[in-house]
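The values are calculated or read from the model by the stated rules, or taken from the named source; none is laboratory data. Just so you know, these numbers come straight off a predicted model, no measurement behind them. Here Cβ is always computed from backbone atoms with ideal geometry, including for glycine, and neighbour counts include all displayed protein chains.
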Amino acid sequence: MHIKISVQVAAFDTGDETRELGRVSNQVGAITSFTGLVRDINENAGVSGLFLEHYPGMTEKQIAQIIAEAGERWQVLAVTVIHRVGELLPSEPIVFVGVASLHRGDAFNACEYIIDFLKTRAAFWKKEQSVDGPRWLTTRDSDVETAKAWRSTER
């Protein structure tokens, strides 16, 4: 499996990343992707920005482990995970997960699995700038429940 992991300040181009996944192999029959954006509202409060920090080295290892687990569950040819850090504004892309596979089902499932576990297991810290002032965000209960549901379907 071809794997690309990048934790970076710079913006990324989803089209470029998708095309790169398609060039991995002539066996690629499906590519799915998820792009997360910074919202301008959270919990009914206006958001003017988001600051992300990570634990260099450890974060990438955690992402690699999540990708490896997805590769054990589904037939995956390539995965790209890009997660931005630093100061971000509303509507800017924050994360890209792309999966190339022989078939769409594996690509869809692996992509969803990876983003669900990025939300709960990767070492990122998010500080939101809102009209009420800055606040550190915590993992949502709904994200924890989604991760638990995946665990109950392990092969």
| Restricting attention to segment 1-45, which residues are acidic (Asp, Glu), in contact with a strand residue (DSSP E or B) (Cβ under 7 Å, 6 or more places away or on another chain) and modelled with pLDDT under 95? | 40
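Kindly provide the set of residues from segment 112-132 that are over 17 Å from residue 63 (Cβ atoms), surrounded by fewer than 20 Cβ atoms within 10 Å (Cβ to Cβ) and at pLDDT 85 or above, ordered by number.
Narrowing segment 112-132 to residues over 17 Å from residue 63 (Cβ atoms): 127-132.
Now restrict to residues that are surrounded by fewer than 20 Cβ atoms within 10 Å (Cβ to Cβ): 127, 129-132.
The answer is 127, 129.
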| task | Being of a type in the set (Phe, Trp, Tyr) and more than 26 Å from residue 6 (Cα to Cα) is the filter here, so list the residues in segment 41-58 that pass it. | result | none
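Does residue 106 meet the test of being of a type outside the set (Ser, Thr, Tyr), in a helix (DSSP H, G or I) and at pLDDT 95 or above? Outline the logic, then answer.
Values: of a type outside the set (Ser, Thr, Tyr): yes; in a helix (DSSP H, G or I): yes; at pLDDT 95 or above: yes.
Considered against the rule, which asks whether it is of a type outside the set (Ser, Thr, Tyr), in a helix (DSSP H, G or I) and at pLDDT 95 or above, residue 106 comes out as yes.
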| task | Kindly indicate the residue of segment 1-25 that is among the polar types (S, T, N, Q) and under 22 Å from residue 59 (Cα atoms) and also surrounded by the fewest Cβ atoms within 10 Å (Cβ to Cβ) among those meeting that condition. | result | 8
| What's the number of the condition residue 109 fails, among (1) surrounded by fewer than 19 Cβ atoms within 10 Å (Cβ to Cβ); (2) farther than 23 Å from residue 41 by Cα; (3) of a type outside the set (A, V, I, L, M, F, W, C)? | (1)
| query | Name the residues in segment 21-60 that are under 12 Å from residue 83 (Cβ atoms) and either of a type in the set (Lys, Arg) or assigned to a strand (DSSP E or B) (or both), would you? | reply | 34, 35, 36, 52, 53, 54
